[in-house]
1. Let me know the charge dipole size of the chain about its Cα centre in debye, to the nearest 20, where only the beta-carbon of Lys, Arg (+1) and Asp, Glu (-1) is charged.
2. Determine ³J(HN,Hα), in whole Hz, for all residues of the range 28-38 in sequence, where each value follows from phi through the Karplus function 6.51 cos²θ - 1.76 cosθ + 1.60 and θ = phi - 60°; x replaces Gly and Pro.
3. Please give me, ordered by residue number, the GluC sites (Glu not before Pro) of the chain that lie in loop per DSSP and have at most 15 other Cβ atoms within 10 Å.
4. For the range 3-54, what relative contact order do you get, as a whole percent, if you take Cα pairs closer than 8 Å and at least 6 residues apart?
5. Output needed: Cys residues of the chain lacking any neighbouring Cys C-beta below 4.7 Å, sorted by number.
Amino acid sequence: MAYVINDNCVACGSCISECPVEAISEGDIYKIDADKCLSCGTCAEVCPNDAIHEA
């Protein structure tokens, strides 16, 4: 199952640098491309604001 980013995202960049498949794109609130996401959970583990969760 892919991960999604909610309104707690402050665009800090922690998740982007950790994603092994570059599935996260920048913006006011980051987005995760479900087709690229491996569901490894690394992004959720490093997020300081609990903004990432399983879809």
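1. With only Lys, Arg, Asp and Glu charged at Cβ, the dipole is about 60 debye.
2. Result, rounded to whole Hz: 4, 10, 5, 10, 10, 6, 4, 6, 8, 4, 8.
3. Taking the chain and a limit of 15 other Cβ atoms within 10 Å, the loop GluC sites (Glu not before Pro) found are GLU22, GLU26.
4. 49
5. Taking the Cβ cut-off of 4.7 Å, the unpaired cysteines of the chain are CYS9, CYS12, CYS19, CYS37, CYS40, CYS47.
Laboratory data are not the source of any read-out in this text; all were calculated from the coordinates shown. These numbers come from a predicted model, not from an experiment. In this analysis, Cβ positions are derived from the backbone assuming ideal geometry, glycine residues included, and neighbour counts consider all displayed protein chains.
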